[in-house]
1. So for the stretch 160-181 (the condition being over 28 Å from residue 51 (Cα atoms), touching a residue at least 12 places away in the same chain (Cβ under 8 Å) and in contact with a Lys or Arg (Cβ under 8 Å, 6 or more places away or on another chain)), does at least one residue qualify?
2. Among (1) surrounded by fewer than 18 Cβ atoms within 10 Å (Cβ to Cβ); (2) closer than 23 Å to residue 290 by Cα, which single condition is residue 202 missing?
3. Give all pairs with beta carbons closer than 8 Å in which a residue from the stretch 282-303 that is surrounded by fewer than 18 Cβ atoms within 10 Å (Cβ to Cβ) meets a residue that is among the β-branched types (Val, Ile, Thr); count only pairs at least 6 apart in sequence or on separate chains.
4. Considering every residue within the stretch 91-100, establish whether at least one is at pLDDT 95 or above, more than 29 Å from residue 184 (Cβ to Cβ) and either of a type in the set (D, E, K, R) or in contact with a Cys (Cβ under 7 Å, 6 or more places away or on another chain) (or both).
5. Does residue 292 satisfy the criteria of being among the aliphatic types (A, V, I, L, M), modelled with pLDDT of 70 or more and either within 42 Å of the chain's Cα centre (by Cα) or assigned by TED's automatic domain parsing to the domain that holds residue 189 (or both)?
6. Only one residue in 153, 121 is in a strand (DSSP E or B) and surrounded by fewer than 16 Cβ atoms within 10 Å (Cβ to Cβ). Which one?
7. For the stretch 189-231, enumerate the residues that are at pLDDT 80 or above and in a loop (DSSP other than H, G, I, E, B).
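The values are calculated or read from the model by the stated rules, or taken from the named source; none is laboratory data. Predicted model only: the values in this text are computed from it and were never measured. As a convention, Cβ positions derive from the backbone with ideal geometry for all residues, glycine included, and neighbour counts pool all protein chains shown.
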Amino acid sequence: MIGRILSRLRGVPTQETRSLFDAAAFSALTGPVTASGQRVNARVAENLSTVLACVGAISTAIASLPVFVYRRVDGGREEDDGHPLARLIQAGPNPWQSWVDWVEWTAASALLRGNALSEVVTDSAGAVMALNPIPWDWVSVQLLPTGRLAYDVTEATGIYGGSGRVRRLLAHEVLHIKDRSDDGMVGRSRLSRAAETVGGALAVQNFAGSIYKNGINPSGAIKLGQAKLPEGALTRLREGLERMFAGSGNAARALILEGGAEWQQISVSPEDAELLASRRFTTEELARLYQVPPPIVGIWDHSSFTNSETAGRWFAQFTLAPWIRKIEAEFARSVLTAAGRESHHVEFDLSGFLRGDPAQRWQGYDVALRNRVLTPNEVRQAEGYNRRPGGDAFPDEQPQQQSPTIA
C-alpha cells in the first residue's frame, strides 16, 4: 500500500490487481464452522480415518504408476528418455523429493485443499530443470488486468527458514493442479463443498471420544438384593473381582457368588448402538465424497473378494483416471515448451496396477502376442528382461527350424 501511494506521488503508473481468493486462503487455514459446531479444514479433516484413507489411496496409487514422456513420430510415438522431464522422473523433480514423493504430495494437496502448486524452474532455453512444491497456504492468487493469473507466494517456513517476503509467479511459471472450480481459475476443495458432511463426521467422532473419556460403561454388575454389606466389604469385593477376573489372562474364569448375590450383564445401550450406526454411515458418506469404493478404504460391510476386485477396476476407471488426465493436461500446459507441446506428451501408465497381478498380466500378454499387438521382445522389455535374437518378429513370422534328416 505504501509503495503504491509513493508511486502515485511520483507519477509512476501502477498495475492494479484484485485478489481472487484471499478469503478462501484464510478459510484454508481456519475453515468454516458447521452447524454441528465443528470447524472444518484440511488438517482437522485428516483426523477422520476415512478422509485420511481416501486421500492416501488416491495419492499413493497415482504416485505408484509408471510415467513416460513420449515423442510423436510419423505413424505413432516413441519413448524419449533424453527429454528434460524424463530425467526429472528418473532422478527426482527437486533436491529433496523423489518423483513418487512429489506426485503423492501434489495429489494429496489437490484432494485436501482443492489446489496443488509447484514452481516450474527452467534454464535459459526454457527446458524444465526442477519442480518445486509450494504449500497452497502460502499462496494468494491475483487476477491481472491482462486477464492472466499471478500467484503471490509468501514463504512462512522453508528448508532454510521462511523469509516472509512476497514473490510473484506468473501462470506459465507454475504447475497448478486444481479440483473442480467455481470460476475456472482456482479450485475448491471437496471438504469445503461438503463441510456439513465432514463436520457431522467430526462431531460424531468427538462425541464418541467424550463417551469413552467421561462415560461409565461397566460390562456387568453384582446385584446384592436388600442385604447391606458390612463396612469395608464392598471395597474387598471390588478388589477381589479385579484380582480374579480383570485382564486377558483371567478371561472365562468361573465366578462363584454367595449370599443371594446375582451377576447382571450390561449390554450395549440403544444410544450406543445408534452411535455405532452413525459412525458406519459417516464412513460411507466420506468415501462417497472422494468417489472411492468402500473396500478400497477398508469398509467391508457389504463386500466380498469378488465385488472387491470389481471395485478395484471401478477405482482405476472412475476415481484415478480423471485425476491422471488433469495432471497430464497440466503438464502439457505448463511444463512442456511451446514446441515440445506439439511433439511430446506425458502419460501415466494405468497398466502399472497389473504388477501385483501376474496371472492377469501374462494373460494379457498372451492375447497381445496372438493378435500381433506386441512382439516377444516388447513383452520382455515390459517385464524388464533383455531382448533376444529373433524376438522382434511375431511368433507366426518366426522361421521354423527344420529337424535334421537321418540318412
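1. In the first step, residues of the stretch 160-181 are kept if they are over 28 Å from residue 51 (Cα atoms); the result is 160-173.
Filter once more, keeping what is touching a residue at least 12 places away in the same chain (Cβ under 8 Å): 166-173.
Pick out the ones that are also in contact with a Lys or Arg (Cβ under 8 Å, 6 or more places away or on another chain) and you get 170-171.
Checking the stretch 160-181: at least one residue is over 28 Å from residue 51 (Cα atoms), touching a residue at least 12 places away in the same chain (Cβ under 8 Å) and in contact with a Lys or Arg (Cβ under 8 Å, 6 or more places away or on another chain).
2. So the condition that residue 202 fails would be (1).
3. 284/299; 285/197; 291/319
4. Scanning the stretch 91-100 turns up no residue that is at pLDDT 95 or above, more than 29 Å from residue 184 (Cβ to Cβ) and either of a type in the set (D, E, K, R) or in contact with a Cys (Cβ under 7 Å, 6 or more places away or on another chain) (or both).
5. Details: among the aliphatic types (A, V, I, L, M): yes; modelled with pLDDT of 70 or more: yes; either within 42 Å of the chain's Cα centre (by Cα) or assigned by TED's automatic domain parsing to the domain that holds residue 189 (or both): yes.
The answer is yes for residue 292.
6. Numbers: 153 fails: surrounded by fewer than 16 Cβ atoms within 10 Å (Cβ to Cβ).
On inspection, the qualifying residue turns out to be 121.
7. Filtering the stretch 189-231 down to residues at pLDDT 80 or above leaves 189-206.
Hits for the stretch 189-231 are 189, 194.
Residues checked against (1) buried (at least 20 other Cβ atoms within 10 Å of the Cβ); (2) modelled with pLDDT of 90 or more; (3) of a type in the set (Gly, Ala, Ser):
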residue	(1), (2), (3)
7	no, no, yes
27	no, no, yes
39	no, no, no
52	no, yes, no
56	no, yes, yes
63	yes, yes, yes
